[in-house]
Amino acid sequence: MKTVLHYIPCAFLLVGLLWAVPAAGQTDSVDTRSAKPRKEKKVYPPVHQHHELRVGWGDMMFETLVWHERDLLPSMNGDIFAKNFRYTQHWFAEYLYRVNFWFGVGGMVDYGGVYWDKINRDAAGNELDKLYTAWFANISIMPVLRFTYYEKNLVRLYSALGYGLNINTGTEVDYKGRETACAGVLNLTLLGVSVGNDRVFGSIELGGMFSIANKQEIYLLDSRIFTASIGVRL
């Protein structure tokens, strides 16, 4: 009897050890699962050429839709009408400084003009003579911000935003009697694709240029939707 009682505390100790070991293992496994891996900080590739210079061309879809020859009947005493419209297209130059991989800041100058002939005609519609060549032009000057979100091998994808001053001038006067008027101008690049190496590149862009003072003074309305340019990196 004494021998049995002697082994009872040992039995309780053994059972306690058998229960404690799995419990400790279970606690360790829970802690292991709950531990989250440390998020690594994204590293952008270095910028080797910080300076970009480019020149380019842009379409004149808005101008061709608004300013063009119209078939109007002459008045009883004859009149003066517009004919032979010519469009210079948009031509621009841009400088950009790349601050880092994804951000750049710079400036742009853009020019676009329309020319046409003022023709004198009689009541029968016969053209008598050319009076003069009329024209107007929009000159836009603005700072530009560019955001690059992809760069691999020779290809870069980016978007850009520019806002500045547009100067509209020419031979004709507006409803206020002005030959020259100024307004704000917004240039938006929704998607730009650049292909080239560290020295020479070409790019195409989709976006638009807007310059609207009020409902009667609309100088640019989604003009320059498509552009193409070439440039160098320094």
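The values are calculated or read from the model by the stated rules, or taken from the named source; none is laboratory data. None of these values were measured; they are calculated from a predicted model. All Cβ positions, glycine included, derive from the backbone under ideal geometry; neighbour counts span all protein chains shown. Note: areas computed on protein heavy atoms with side chains; ligands, DNA, RNA excluded. Shrake-Rupley method; radii C 1.70, N 1.55, O 1.52, S 1.80 Å.
Some points to look at:
Residue-by-condition table, conditions (1) within 26 Å of the chain's Cα centre (by Cα); (2) closer than 20 Å to Ala213 by Cβ:
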{"residue": "Tyr97", "(1), (2)": "yes, no"}
{"residue": "Val105", "(1), (2)": "yes, no"}
{"residue": "Asp110", "(1), (2)": "yes, yes"}
{"residue": "Tyr115", "(1), (2)": "no, no"}
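- Among residues of segment 91-104 that are among the charged types (D, E, K, R), those with a beta-carbon under 8 Å from a residue that is at pLDDT below 95 at least six positions away or on a different chain give the pairs Arg98/Val47; Arg98/Gln49; Arg98/His50.
- All positions within segment 205-230 that are open to solvent by less than 40 Å² (accessible area, probe 1.4 Å) and under 17 Å from the mean Cα position of the chain (by Cα): Glu205, Gly207, Gly208, Met209, Ser211, Leu220, Ser223, Arg224, Thr227, Ala228, Ser229
- Top-ranked residue of segment 166-183 - restricted to ones that are loosely packed, with under 15 Cβ neighbours inside 10 Å and among the hydroxyl-bearing types (Ser, Thr, Tyr), ranked as modelled with the lowest pLDDT: Tyr175
- Only one entry in Arg146, Arg86 is within 30 Å of Gly207 (Cα to Cα) and either aliphatic (A, V, I, L, M) or surrounded by fewer than 16 Cβ atoms within 10 Å (Cβ to Cβ) (or both), namely Arg86.
- Residues located in segment 88-139, provided they are among the β-branched types (Val, Ile, Thr) and touching a Leu at 6+ places or on another chain (Cβ under 8 Å): Val105, Ile119
- Residues in segment 149-165 that are at pLDDT below 95 and either closer than 19 Å to Gly112 by Cβ or open to solvent by less than 20 Å² (accessible area, probe 1.4 Å) (or both): 0 in all.
- Selection within segment 123-151 - of a type in the set (Ser, Thr, Tyr) and closer than 30 Å to His51 by Cβ: Ser140, Thr148, Tyr149, Tyr150
- Criterion: more than 22 Å from the chain's Cα centre (by Cα) and of a type outside the set (A, V, I, L, M, F, W, C) - qualifying residue of Asp174, Asp198: Asp174
- When restricted to residues that are aliphatic (A, V, I, L, M) and open to solvent by less than 50 Å² (accessible area, probe 1.4 Å), segment 95-122 contains 4.
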